[in-house]
Every structure is written in C-alpha cells, then in structure tokens.
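Trainee: Supplied in structure tokens, the structure appears directly below.
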Amino acid sequence: MVGYASMMLVFLTCFVMFFEAFAAFTAIERAENAARTGARVAARQGSLPAGEAAIGAALPGWLRAQSQYSLEDSGDGFIARVSFDVPLLWSNAPLDITIDREVEMPNVG
C-alpha cells in the first residue's frame, strides 16, 4: 500500500509538470501569433489602437489575464510585444521565467 501511494505521488507530480510544460508551449505559440496579428493589423490600418485591440482579441482569455502587451510605431513599421510569466498554472512553483515575444512588421499601409 505504501508503494502504491508513493507511486501515485510520483505520477501526480509528473502529470502536473507535463501539463505545465504543455501550457507554457501553447502560451508561447499563442503569444507569438497575437504579436504577429497585432503588428499586421497596425501596419495595414496604420493605427496603434486597432493593433492593440487585435493583440488582445488574438490572445485566449486564460493568457490575456496574465500577459502584458504593447504596440509601438518604429517609424518605418510597427513593433508588437507580448510577455507573460511562467509558471502559468502552478503559481507557487519556484520558476521565475518571463517569456517575451516581439514582432516587427513593415508599414504597408
């Protein structure tokens, strides 16, 4: 019985770590996509507010609440930045990693 309980603890720990890694990789992909979408919308429309709104709309709700995003005009294009902290699910884990994604899109409008 003790062996079973210790194996369940190991299994549960591995499951939580796997799920956290899956959430982090999914969040990285979604943040990159949101930055690209915001920069593209801003470049096409020539509007910073439209680009920031597109970034917010492209982020899923569970990531939007935990991320910071910005959009700026670089003169010859637009730079979109999205960042968030990992871990996403297990907030008291001893990991302090910030993921930053940046996309620069030339002005096509």
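Trainee: If a residue must be part of a loop (DSSP other than H, G, I, E, B) and either over 18 Å from Ala21 (Cβ atoms) or in contact (Cβ under 8 Å) with a residue 40 or more places away in the chain (or both), how many such residues does the stretch 51-109 contain? Explain how you work it out, then say what you get.
Mentor: Taking the stretch 51-109 and keeping what is part of a loop (DSSP other than H, G, I, E, B), we get 59-60, 65-66, 74-76, 87-96, 107-109.
Now narrow it down to the ones that are either over 18 Å from Ala21 (Cβ atoms) or in contact (Cβ under 8 Å) with a residue 40 or more places away in the chain (or both): 59, 65, 74-76, 87-90, 93, 107-109.
Of the residues in that region, 13 qualify.
Trainee: State all residues of the stretch 70-108 that are exposed (fewer than 11 other Cβ atoms within 10 Å of the Cβ), of a type in the set (S, T, N, Q) and at pLDDT 85 or above; if no residue qualifies, say none.
Mentor: Scanning the stretch 70-108 gives a single hit, Thr98.
Trainee: How many residues are touching a residue at least 24 places away in the same chain (Cβ under 8 Å) and exposed (fewer than 13 other Cβ atoms within 10 Å of the Cβ) when one looks only at the stretch 8-32?
Mentor: Step one: filter the stretch 8-32 for residues touching a residue at least 24 places away in the same chain (Cβ under 8 Å), giving 16, 19-20, 23-24, 27-28, 30-32.
Then keep just the ones that are exposed (fewer than 13 other Cβ atoms within 10 Å of the Cβ); that gives none.
Here the count works out to 0.
Trainee: Among the listed residues Ser67, Ser47, which satisfies the condition of being at pLDDT 90 or above and of a type in the set (Ser, Thr, Tyr)?
Mentor: The conditions single out Ser67.
The values are calculated or read from the model by the stated rules, or taken from the named source; none is laboratory data. Worth saying up front: this structure is predicted, and the values here are computed from it rather than measured. Methodologically, a virtual Cβ is constructed for each residue, glycine included, from the backbone with ideal geometry; neighbour enumeration extends over all protein chains shown.
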